[in-house]
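The structure appears right after this line, and notes come after that.
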Amino acid sequence: GEGTPLVFTVGDGTVLPGLESGLIGMEKGAIRRIIVPGEVGYAANPDLEPRPLTDVEKRALDSVVKNPRRDQTVMFDVKVERVR
């Protein structure tokens with residue numbers, strides 16, 4: 001399904017560093033799967049975007065980031081809609 005659009009400026013410090021670096025070089029309409037390890041993801045930056053919107057999504061993220069048996073790696077499938 002389609003996700004919620006995330007609008008940000010590269011380098012503004014509001015998005016997970018691992019996600020931002022994976023977006024560099026993408027053009028409008030491009031699709032990419034970005035694997036973000038914990039050290040540049042939520043484990044090191046728990047308050048950055050994108051944030052889960054529902055309680056179910058929050059619990060799912062917590063089960064990865066706060067579970068000592070997992071490595072805190074998350075995956076994003078990203079489609080670029082607009083570049084300014």
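Could you run through segment 13-38 and say how many residues are over 13 Å from residue 74 (Cα atoms), in a loop (DSSP other than H, G, I, E, B) and open to solvent by less than 70 Å² (accessible area, probe 1.4 Å)?
Count: 6.
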I need a count of the residues in segment 39-82 that are of a type in the set (A, V, I, L, M, F, W, C), in contact (Cβ under 8 Å) with a residue 40 or more places away in the chain and either open to solvent by 90 Å² or more (accessible area, probe 1.4 Å) or assigned to a helix (DSSP H, G or I) (or both).
2
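Please work out if residue 52 is closer than 17 Å to residue 2 by Cβ and either modelled with pLDDT under 95 or among the hydroxyl-bearing types (Ser, Thr, Tyr) (or both).
The answer is yes for residue 52.
The values are calculated or read from the model by the stated rules, or taken from the named source; none is laboratory data. Since the model is a prediction, treat every value here as computed from it, not as a measurement. Methodologically, a virtual Cβ is constructed for each residue, glycine included, from the backbone with ideal geometry; neighbour enumeration extends over all protein chains shown. Areas reflect the complete protein model, heavy atoms only, side chains present, ligands, DNA and RNA absent. Shrake-Rupley method; radii C 1.70, N 1.55, O 1.52, S 1.80 Å.
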